[in-house]
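*Asks:* The structure's right below; bear with me while I get my questions together.
The values are calculated or read from the model by the stated rules, or taken from the named source; none is laboratory data. Computed from a predicted structure; not experimentally measured. Glycine also receives a Cβ, built like all others from the backbone with ideal geometry; neighbour counts cover every protein chain displayed.
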Amino acid sequence: MAVTSAAQAGQSTRFVCRSYMAMVLTPKPPIVEWVAEIEQKIKSAAHLFIGPPVVLDLAAVKLSQSAIAHLVAQLEERGVRVMGLENADAASTGTGVPPLVRSSRGIGASVDLAQSPSPSPAPAPAPEPRRGVATLLVDKPVRSGQTIFFPDGDVTVLGSVGSGAELIAGGSIHVYGTLRGRVMAGSNGNTRARIFCSKAEAELLAIDGHYLTADMMDKGLRDRAVQAWLDGNAVRVAALD
Amino acid sequence: MAKVVVVTSGKGGVGKTTSTAALGAALAQIGQNVVIVDFDVGLRNLDLVMGAERRVVYDFINVTQGIAKLPQALIRDKRLDRLALLAASQTRDKDALTEEGVQRVIGSLRQMFDWVICDSPAGIERGATLAMRYADTAIIVTNPEVSSVRDSDRIIGILDAKTLKAERGERVDKHLLITRYDQARAARGEMLNIDDVLEILSTPLLGIVPDSEEVLRASNLGSPVTLNNPNSGPARAYFDAARRLMGEDIEMTIPTDKQGLFGKLFGRRAA
Ligand SMILES: Nc1ncnc2c1ncn2[C@@H]1O[C@H](COP(=O)(O)OP(=O)(O)OP(=O)(O)O)[C@@H](O)[C@H]1O
Ligand SMILES: [Mg+2]
């Protein structure tokens, strides 16, 4: 598990890279002060926050759906893109807020051990597990704001994945359409998982927690049919055509 | 029985209210019985665009609360007797509109009109989901720019999840209405082109309404553009869209304000 910590003594902001290599921010009450503190941090270390997707760990606060949406909007205004929530109430998530995610290999090595252990992550909205079926077939476009979470196996989409849509699969991901959103394959630690799409305009490609953002991707591969796989700790992308 | 149509967008300020008024009037002008319903509680503006703000006595919420009967709250348009308006409440709080109340009122309106057109508030919150809840058909209003298209994509996903029809496993009919289309800016590449918008949203096109000062002029006079200046570009675009809603097959054009001059023709079939 890749754990990096940039927390400094005396500062309550904590960010840890979890197994999917996303930055984790842990808001603490009072939220207003926490946002102000984040704002300061962004000024001093913008590269740490802006660009890579961020996960908000809500274990330390209790927020309603609209409060979460507001917080996410405040962070987005400051250039921080929130890709998922951890330890949020299933009841306070849904449309308008980022999807629930969980680090596939537990939270074992988070930095501030002084804190009481966070409650176990809320269950993510998974489709009904179907016994013996390891592929989820989605026969329409995945729209912005929608999340498909299928830890049990592969996901195949007949259609496009919109900008702002999210696909998380335990296995490989196949998109027969334009991939504009964020996809995470091999979310259960499957390093052999791959991502295939007929037209690549993805915001994020991740395999087993290692990711490439749109900016990191080779411009020559945009709009083409590509596949992505994991080579050691690096996500590689190559054209299929 | 009536068709219930929601005019929605996700993003604010793209032209939902303008389009509700213009399409409602256009349908009435071609002989249909129409009611337009304002779901934007707290921002009562459909009545302003219709020039009926001084005639509002009872509103939508009064009806759902049983304070007024539906016929008392319906405001008949002075120019078009086939067109009626149910205004939103300016004073009440947004949560006063309940799902049961909306269901009852929409159910009654279905019996009285051919078309029930609901002007949705912006956003994807409760107000917007209530406005789409009982819709048979959705008109997704989009401007040819990235954030509007993305919000439309999002609202389409919500239409497929949160409407009564979707919950019953049926489909809400979806049509895309591109508004504020500016030919000059499109030529300079300052706007998304129509094909890109259609490709991203993969939803059939109902019409393309040009950006035109006629819209503002009409709205300042409290008159839908199809009534105020039926020959203007936006009015003709809305008339065509209204006919397509009725199932007619009309060639897709972008009408301009210069009379007799049509915008670029599209070799594409309408929704
Ligand atoms: N085709 C057009 N050409 C020029 N201006 C337009 C056009 N359509 C709408 N507008 C203007 O854009 C503004 C917003 O329009 P409108 O109020 O219909 O949007 P809306 O989607 O209902 O907004 P809200 O989300 O706030 O309810 C108004 O000033 C309106 O006059
Ligand atoms: Mg409006």
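*Asks:* Name the residue that is nearest to ligand 1 (Cβ to nearest atom), counting only residues in segment B:191-242 that are within 30 Å of residue A:223 (Cα to Cα) and among the small types (Gly, Ala, Ser).
*Replies:* It comes out as B:207.
*Asks:* Another question, then. Looking only at residues in segment A:181-201 that are touching a Lys or Arg at 6+ places or on another chain (Cβ under 8 Å) and within 14 Å of chain B (Cβ to nearest Cβ), which one is farthest from residue A:147 (Cα to Cα)?
*Replies:* Among them, the one singled out is A:199.
*Asks:* What number of residues within segment B:40-54 are in contact (Cβ under 8 Å) with a residue 60 or more places away in the chain and either within 11 Å of ligand 2 (Cβ to nearest atom) or on the phi < 0 side of the Ramachandran plot (or both)?
*Replies:* Total satisfying the criteria: 9.
*Asks:* Please work out if residue B:43 is assigned to a loop (DSSP other than H, G, I, E, B), closer than 29 Å to residue A:66 by Cβ and not aromatic (Phe, Trp, Tyr).
*Replies:* Yes; evaluated as a whole, the condition is true for this residue.
*Asks:* Here is a further query. Mind listing whichever residues of segment B:15-39 are within 11 Å of ligand 2 (Cβ to nearest atom) and either crowded, with 24+ Cβ neighbours inside 10 Å or more than 14 Å from the chain's Cα centre (by Cα) (or both)?
*Replies:* Result: B:16, B:17, B:18, B:19, B:20, B:21, B:38, B:39.
*Asks:* If we scan segment A:105-122, do we find a residue that is under 14 Å from the mean Cα position of the chain (by Cα), at pLDDT below 75, buried (at least 16 other Cβ atoms within 10 Å of the Cβ) and not assigned by TED's automatic domain parsing to the domain that holds residue A:180?
*Replies:* The answer is no, given that none of the residues of segment A:105-122 is under 14 Å from the mean Cα position of the chain (by Cα), at pLDDT below 75, buried (at least 16 other Cβ atoms within 10 Å of the Cβ) and not assigned by TED's automatic domain parsing to the domain that holds residue A:180.
*Asks:* Among the candidates A:187, A:163, A:198, single out the residue that is farther than 27 Å from residue B:197 by Cα and in contact with a Gly (Cβ under 8 Å, 6 or more places away or on another chain).
*Replies:* After ruling out the rest, the residue left standing is A:187.
*Asks:* Tally the residues that are of a type outside the set (D, E, K, R), within 14 Å of residue A:229 (Cβ to Cβ) and part of a loop (DSSP other than H, G, I, E, B), restricting the search to segment A:192-208.
*Replies:* The number of residues fulfilling the criteria is 1.
*Asks:* Scan segment B:92-111 and tell me whether some residue there is within 27 Å of residue B:13 (Cα to Cα) and within 16 Å of ligand 2 (Cβ to nearest atom).
*Replies:* For segment B:92-111, residues within 27 Å of residue B:13 (Cα to Cα) and within 16 Å of ligand 2 (Cβ to nearest atom): present.
*Asks:* A follow-up question, please. Please state which one of A:159, A:189 is at positive phi, under 15 Å from the mean Cα position of the chain (by Cα) and part of a loop (DSSP other than H, G, I, E, B).
*Replies:* After ruling out the rest, the residue left standing is A:189.
*Asks:* Pick from segment B:1-14 the residues that are within 13 Å of ligand 1 (Cβ to nearest atom) and within 9 Å of the chain's Cα centre (by Cα): which of them is nearest to the other protein chains (Cβ to nearest Cβ)?
*Replies:* Ranking the candidates gives B:8 first.
*Asks:* Filtering segment B:112-148 down to residues that are among the β-branched types (Val, Ile, Thr) and under 27 Å from residue B:193 (Cβ atoms), which residue is farthest from ligand 2 (Cβ to nearest atom)?
*Replies:* Among those residues, the one meeting the criterion is B:146.
*Asks:* Take segment B:41-93 and flag every residue that is crowded, with 18+ Cβ neighbours inside 10 Å, within 15 Å of ligand 1 (Cβ to nearest atom) and either within 14 Å of another protein chain (Cβ to nearest Cβ) or among the charged types (D, E, K, R) (or both).
*Replies:* Of everything in segment B:41-93, those that are crowded, with 18+ Cβ neighbours inside 10 Å, within 15 Å of ligand 1 (Cβ to nearest atom) and either within 14 Å of another protein chain (Cβ to nearest Cβ) or among the charged types (D, E, K, R) (or both) turn out to be B:44, B:47.
*Asks:* Is it the case that some residue within segment B:27-38 is within 16 Å of ligand 1 (Cβ to nearest atom), over 20 Å from residue B:239 (Cα atoms) and at pLDDT 95 or above?
*Replies:* Yes: one or more hits.
*Asks:* Select from segment A:162-180 the residues that are facing chain B (nearest Cβ under 10 Å) and under 16 Å from the mean Cα position of the chain (by Cα) and write down the one among them that is surrounded by the fewest Cβ atoms within 10 Å (Cβ to Cβ).
*Replies:* A:164
*Asks:* With respect to residue B:18, is the statement that it is more than 14 Å from chain A (Cβ to nearest Cβ) and within 14 Å of ligand 1 (Cβ to nearest atom) true?
*Replies:* Considered against the rule, which asks whether it is more than 14 Å from chain A (Cβ to nearest Cβ) and within 14 Å of ligand 1 (Cβ to nearest atom), residue B:18 comes out as yes.
*Asks:* To continue, here is another question. Out of the residues in segment A:73-90 that are part of a helix (DSSP H, G or I) and loosely packed, with under 15 Cβ neighbours inside 10 Å, which is modelled with the highest pLDDT?
*Replies:* Taking the candidates together, the pick is A:73.
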